[in-house]
Amino acid sequence: MSHTISFLPSGQQAENALHVTGYTENMLVIGSRGSQLALWQANYIKERLEARGAECRIEIIKTTGDLVLDQPLHQIPGKGLFTKEIEEALLDRRIDMAIHSLKDLPTELPPGLVLAAMPQRTDPRDAIIGGKLRDLKFGARVGTSSLRRIAQLKRIRPDIQLLPIRGNIDTRISKIERGEYEAVVLAAAGVQRLGWGEIISEIFRPDIICPAVGQGALAIETLKSGPGFEAAAPLDDPWTNIPVTAERAMLAELGGGCQVPIGAFGTLENTELFLTGAVFSPDGSVMIRYTAAGDFSKPAELGRSVAQVLLTRGARALLDAAPLNAE
């Protein structure tokens with residue numbers, strides 16, 4: 001990572017301290033999925049760019065993950081289920097930048113593309129809607145399609161039925177209202193961004209349910225140079241970039257394309273960086289977890305070292321036995 005930081009300002013201060021020069025005279029085109037949450041995220045970045053003098057519009061692009069709704073994500077072959085088509089639009093220069101939920105972005109980007117900025121992260125934790133986990137009735141139906149969440153929930157409440165669920169946040173909530181599920185588990189950040197935080201029943205501490213790599217953060221992906229990169233770069237937040245870089249380095253070292261339940265949680269405290277990594281068997285019976293601290297200026301190094309410890313403690317066997325594709 002190329003950040004040189006003598007002090008770490010807040011995200012807004014960091015943005016104000018940097019200035020974009022050379023905006024293209026043409027309007028910047030922002031690529032986004034068309035879901036309610038994706039468009040909230042794209043409009044959030046659009047407003048940040050417009051505040052800095054850019055003219056922008058949003059281009060909606062459908063992805064494989066949007067089109068294939070009758071299968072759990074881990075059963076759909078391939079990587080980048082929510083990003084591939086948007087990246088193709090970037091490479092074809094039909095858009096100037098792509099806005100992703102960072103947890104959806106593979107650790108290996110296509111040649112010619114870069115992660116230009118990670119704006120300030122919101123809540124990285126997982127949440128449950130419908131009731132607190134400990135209060136759910138025996139055998140309650142809980143919706144989640146994430147193998148990472150399933151593995152950890154099985155460790156806490158082995159009695160509950162964990163059933164697949166897909167669709168927008170409001171679609172998932174409506175299934176509770178119709179009695180199809182007693183509860184759903186999902187990322188707290190998405191619910192909060194849409195202004196629905198009051199319906200969350202419980203937010204899980206990271207030591208209870210370890211979050212996905214990059215959860216709660218946004219990614220702005222662009223070409224290596226050009227107006228999109230120049231516009232996006234000042235929106236980067238070091239307090240987000242540094243721990244998330246460690247998380248992504250850990251995932252890459254583990255071979256993060258495979259669908260094994262992997263969690264990571266990085267935090268930056270002054271100049272010390274902490275990273276917890278966890279790998280689970282799909283049924284939750286095995287958990288390998290490790291926490292380490294390192295220099296904030298070397299986040300990728302910390303991420304790789306945590307991954308190596310996990311591998312030596314048995315994560316390799318879980319990775320080799322895993323199916324393709326799990327968050």
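Rule-based calculations on the coordinates, nothing more; no lab input. Worth saying up front: this structure is predicted, and the values here are computed from it rather than measured. Cβ placement follows ideal geometry from the backbone for every residue including glycine, while neighbour counts extend to all protein chains displayed.
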Fill in the blank from the handout: Classified through the alpha carbon gyration tensor (a ≥ b ≥ c as square roots of its eigenvalues; rounded if a/c is under 1.5, else prolate when a/b is larger than b/c, else oblate), the range 247-320 comes out prolate
Completion exercise
Stretched fully, the stretch from I203 through T171 gains (0.36 nm per residue minus C-alpha distance, one decimal, in nm) 9.5 nm
Fill in the blank from the handout: Cβ-Cβ cut-off under 11 Å around A189, Lys and Arg +1, Asp and Glu -1: the net charge is +2
Handout entry: Around G294: net Lys/Arg minus Asp/Glu count, Cβ-Cβ under 9 Å
Key = -2
Exercise for the section: With θ set to phi - 60°, apply the Karplus curve 6.51 cos²θ - 1.76 cosθ + 1.60 along the range 217-228 and write out the HN-Hα couplings as whole Hz, x wherever there is a Gly or Pro. Expected result: 10, 9, 10, 10, 9, 9, 5, 4, 8, x, x, x
Handout entry: Cα centre as origin, Lys/Arg/Asp/Glu Cβ charges: the range 247-320 dipole, Debye
Key = 160 debye
Problem - Estimated D of the range 175-226 in µm² per second, where Rh is the Kirkwood radius over Cα pairs and Stokes-Einstein applies at 25 °C, 0.890 mPa s - result: 179 µm²/s
Problem - Hz values of 3J(HN,Hα) by residue in the range 308-314 - Karplus curve (6.51, -1.76, 1.60), Gly and Pro given as x - result: 5, 5, 4, 5, 5, 8, x
Handout entry: HN-Hα J in Hz across the range 187-193 - Karplus 6.51, -1.76, 1.60, θ = phi - 60°, x for Gly and Pro
Key = 6, 4, 4, x, 5, 5, 4
Completion exercise
The set of residues whose placed amide H lies less than 5 Å from the amide H of G31, leaving out same-chain residues fewer than 5 positions away, is E59, D96, M97, A98, I99
Exercise for the section: Round to the nearest 0.05 the FRET efficiency obtained for E269 and Q308 when R0 = 25 Å and r is the Cβ-Cβ distance. Expected result: 0.60
Problem - Residues with amide H under 5 Å from that of S145, placed H, sequence gap 5 or more - result: I165
Problem - Out-of-range pairs (alpha-carbon distance over 25 Å; input K132/K154; K84/K175; K154/K298; K62/K154; K46/K298) - result: K84/K175; K154/K298; K62/K154; K46/K298
Practice task
First select every other residue whose beta carbon is under 15 angstrom from the beta carbon of G112; then total the charges, Lys and Arg +1, Asp and Glu -1.
Solution key: -2
